[in-house]
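Read through the structure below, which is laid out as C-alpha cells, and then see the notes.
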C-alpha cells in the first residue's frame, strides 16, 4: 500500500483528535460563564429578598400594597372569585398534603425513587422556611375594612406560604417533567398547568385579601431561591443515590 494512503487515515485521526480537544477547551469558558451568570442571579435574588424583608420588618405598611390590592379586587369578570378561591384551595391543609403525597407515591411507583425523595423535600422545605421567616418578620395580614378579606387567617403574612409552596413543589414537578419527558402534548400540558398555578397563585392571594402584594413578591423571591437549591440538590444526588433504582419504562414515564 502506498505510503501516502497510509498517512491519510492517520492524519484524519489526528485532525479529529484536535477538533475534539478544541471543542472541549471551548466548552470550559461556556461552563464558567453559565456558572458565573447563575451565581450572579442568585446573589441578586437573595439581595432583593433581603432588602424587601428589611423594609417589611421596619415599615408597618406600603401605600403601593393598598393600591395594588384595590386594583386587583376590582377585577369582576364572571366566576373570578370562584376561580381565585379554587386556585388557592390546593394550598390549604389537609388537601395540600394529600395532593403532594399522591404525586410523590406516583413518582415512586414509576421507579423514580430519587425523584420521589426530592419531591418530598420540595413539599416540605418551602413550608419550613416560610414558617421560620414569618416568625422572624411577624407581619400582620390585611384586615377587613382596609381591603375585602375573603377568609380570615391567623398566621403571619410575610412571605406568602401558598406562593412559596406552589413555586417549590409544583415548580420542581414541572422541572422533572421538562427533563424526564420527551417533547409531547402531555409534557406541554404538565408544564402549562404547573406554570399557570405558580403564576395565578400570587394574584389569588392578593384578590382574596389574605396577603399584600409585597408578601407575594417576597414569596416569589424566596421561593425561587428554595427551588434553585432543591434542583441543585437533585442534580448533586442523582448520580450518588439510588444508582441501581429501577427505571420507569418510556410509556409509564410519560404518565408522570
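Going through the stretch 164-184 one residue at a time, which ones are part of a loop (DSSP other than H, G, I, E, B) and in contact with a helix residue (DSSP H, G or I) (Cβ under 9 Å, 6 or more places away or on another chain)?
181, 182
Look through the stretch 75-99, keep the residues that are assigned to a loop (DSSP other than H, G, I, E, B) and more than 19 Å from the chain's Cα centre (by Cα), and return whichever of them is nearest to residue 164 (Cα to Cα).
This residue is 93.
Return the residue satisfying two criteria in turn: it lies in the stretch 31-52 and is closer than 17 Å to residue 138 by Cα and touching a helix residue (DSSP H, G or I) at 6+ places or on another chain (Cβ under 6 Å), and of such residues it is surrounded by the fewest Cβ atoms within 10 Å (Cβ to Cβ).
Checking each candidate, the answer is 52.
In this structure, does residue 195 turn out to be within 11 Å of the chain's Cα centre (by Cα), at pLDDT 95 or above and surrounded by fewer than 16 Cβ atoms within 10 Å (Cβ to Cβ)?
yes
Within the stretch 199-218, is there a residue that is surrounded by 16 or more Cβ atoms within 10 Å (Cβ to Cβ), touching a strand residue (DSSP E or B) at 6+ places or on another chain (Cβ under 6 Å) and at positive phi?
Taking every residue of the stretch 199-218 in turn, at least one turns out to be surrounded by 16 or more Cβ atoms within 10 Å (Cβ to Cβ), touching a strand residue (DSSP E or B) at 6+ places or on another chain (Cβ under 6 Å) and at positive phi.
So, in the stretch 56-69, of the ones that are loosely packed, with under 13 Cβ neighbours inside 10 Å and touching a residue at least 60 places away in the same chain (Cβ under 8 Å), which residue ends up farthest from residue 135 (Cα to Cα)?
64
Confirm whether residue 128 is outside any loop (DSSP other than H, G, I, E, B), over 18 Å from the mean Cα position of the chain (by Cα) and surrounded by fewer than 18 Cβ atoms within 10 Å (Cβ to Cβ).
So residue 128 does not fit the description; no.
Among the candidates 142, 78, which residue alone is on the phi < 0 side of the Ramachandran plot and in contact (Cβ under 8 Å) with a residue 60 or more places away in the chain?
142
The values are calculated or read from the model by the stated rules, or taken from the named source; none is laboratory data. This one's a predicted model, so the numbers in the text were calculated from it and none came from an experiment. Note: ideal-geometry Cβ built from the backbone for every residue, glycine included; neighbour counts use all protein chains shown.
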